[in-house]
1. Explain nothing, just the number: relative contact order of the chain, from Cα pairs under 8 Å at least 6 residues apart, as a whole percent.
2. Rounded if a/c is under 1.5, else prolate if a/b beats b/c, else oblate: with a ≥ b ≥ c from the C-alpha gyration tensor eigenvalues square-rooted, which is the chain?
3. Taking the chain as the reference, fit the longest principal axis to its C-alpha atoms, fit the long axis of helix 298-314 to the helix C-alpha atoms, and give the angle between the two in degrees, 0 to 90, nearest 10.
4. I want to check the label-to-label distance for Leu224 and Asp362. Put each point 7 Å from Cα in the C-beta direction and report it in nm to one decimal.
5. Of all the accessible heavy-atom surface of segment 256-384, with the other protein chains kept in place and a 1.4 Å probe, what percent is carbon and sulfur?
6. If you look for lysine pairs in segment 74-184 that are eight or more places apart or on different chains, how many of them have Cα atoms under 20 Å apart?
7. Quick one: divide the alpha-carbon radius of gyration of segment 88-161 by 2.2 N^0.38 Å and tell me what you get.
8. So which aspartates and glutamates can Lys249 reach, going by Cα to Cα under 12 Å and dropping same-chain residues fewer than 8 places off?
Amino acid sequence: MTVAIPTALERGIFLDGAVQPLDGETLAITNPGTGELVGRASAASAEQADAAVRSAHAALRDWSRLGYSDRGRVLHACAEAFESHVDELVPLLVAEQGKTIREAQIELHKAADTLEHYAGLAKEVRGVYVHGLDPGVDGRVLRRPLGVVAAIVPWNFPTTLLCNKLGPALLCGNTVVAKPADTTPFTTLRLAELLTDAGLPPGVLNVLTGTGPVAGEALVTHPLVRKVAFTGSTPTGERVAALAAPGSKRVTLELGGSDPLIICDDADLRAAASAASMGRFYNCGQACLATKRVFVFESVADEVIEAIGAKARRLRLGLGSDHQSQIGPVHSQRQLEILERQVNESVAGGGEVLAGGGRSDDPALSGGWFFEPTVVVEPPAHSPMAQEEVFGPALPIWRVKDLDEAIERANDTPFGLGSAIWTASLENAERAAAERDCGYTWINSPTKVYDELPFGGLKTSGVGKEHGSEAFDHYTDLKSVVVKRKL
Ligand code: NAD
């Protein structure tokens, strides 16, 4: 059974509440599973970026003057409309991103749920009142929206990563210009239409399709943009932060990671092996919070390594549009080539291939970018699989003698996004939570992200937080007001 993949789409940018006709340069969007053309979208120019920002700026006054509960009501209607159109959006997301039908469903439901989460917080936003600063003098701390927010997201989860920004940004009274990746514009454009139909006023959300160097940079450097909320790779994020410095724009960066998963000798080994496999191969390994390195205690290593290898070999690789597929294609030729180099160099350096190891040789998949689910045991410490972010279905595993070695090696990376530990010992778990340099630690739990908890990396994995009510701090400015009464 398969879903029908759309073709021949033609969509311009989303401006003032409507998708515009194609205008100027275009992007050809292809299906990563087949190489077939899905359609064309605008490669927006600096002038189109300017129009999108000005439209968002014009909408700011009315939107920011609504009460929180009014904006919450709109957001709630948006979340409901999104949720009720998930089935319509699935084929679009599968077509342009490549992921499987199930992964697309999970992503879209999660994105709608994030909007609902922030709608639900509308009546919970509080300020601060400080009594008696001096005799007859009180202080208040107000939260004010920042203004126009540029929300720039990558292609791996086009809708959840956007809604992580849209939820708090819109609730706090900002307006948003979203820029999806240049390979995944269509789901975002359709989503913007649905949210507008549900009651989001024109201009409160515009969508600028296009490339990073042209549309993205025009957005980041636009003088009317007050905040850049960026998710993507570390090198691009660092460039974006530098470009946003003039004008002292606010910046949050959600960047790359190389998350370790530590398996102790007292762990539930079956559950730990499942978590490692799910954590690595979900979304074809293209997730920031994926399990990208496993460290397992020597005494249980053979059993765990065999279990993870067997799981990788059993995964059904196939077209995203086929209901039978458990893992789809890598998103692009460029990603495939990077992954291939990382695995080849790591194996050439001495790593042992336990599963997969290269491109799929299935003739039915020859049109797309398919890489076998791969497990490599003990690649050298200086190899790409140890040192770089591996953004695809390839997992390195190393044996360690104890927790000291596991934590030391887990921390030996420029990244600090997430981490996991599997153990029956409270002491081991607490040590990992305290000593791992990262923004999230899972203890005996799959690497699931919760809207309720703040999320954001340390080191080169980012700056600032998304999710949780903590996100409000990154979409508002605080202002102190002093009131003196006559005594
Ligand atoms: P990327 O940095 O190449 O692109 C991300 C976005 O930035 C795209 O929309 C792109 O068009 C835009 N962009 C590129 N150059 C730009 C520029 N000069 N100015 C403005 N915008 C520009 O990232 P990618 O390779 O597409 O995505 C994968 C990366 O994203 C991985 O490193 C992954 O770990 C990371 N990621 C992080 C998180 C997180 O929350 N920490 C979540 C998902 C993905």
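The values are calculated or read from the model by the stated rules, or taken from the named source; none is laboratory data. Computed from a predicted structure; not experimentally measured. Here the Cβ is made from the backbone with ideal geometry for all residues, glycine too, and neighbour counts use every protein chain on show. For the accessible areas, the whole protein counts, side chains as well, though only heavy atoms, and no ligand, DNA or RNA atoms are used. Shrake-Rupley method; radii C 1.70, N 1.55, O 1.52, S 1.80 Å.
1. Values: 1184 pairs, mean separation 88.7, N = 487.
It rounds to 18 percent for the chain.
2. Numbers: a/c = 2.05, a/b = 1.30, b/c = 1.58.
Note, shape of the chain comes out oblate.
3. Roughly 80 degrees between the two axes.
4. 4.9 nm
5. On the way: 2370 of 4960 Å².
Heavy-atom surface of segment 256-384 belonging to carbon and sulfur, 1.4 Å probe: 48 percent.
6. Numbers: Lys99/Lys110; Lys110/Lys165; Lys110/Lys179; Lys123/Lys165; Lys165/Lys179.
The result is 5.
7. Values: Rg = 20.5 Å, N = 74, 2.2 N^0.38 = 11.3 Å.
Compared with the compact-globule rule of thumb, segment 88-161 sits at 1.82.
8. The reachable aspartates and glutamates, counting only those whose Cα sits under 12 Å from Lys249, are Asp477.
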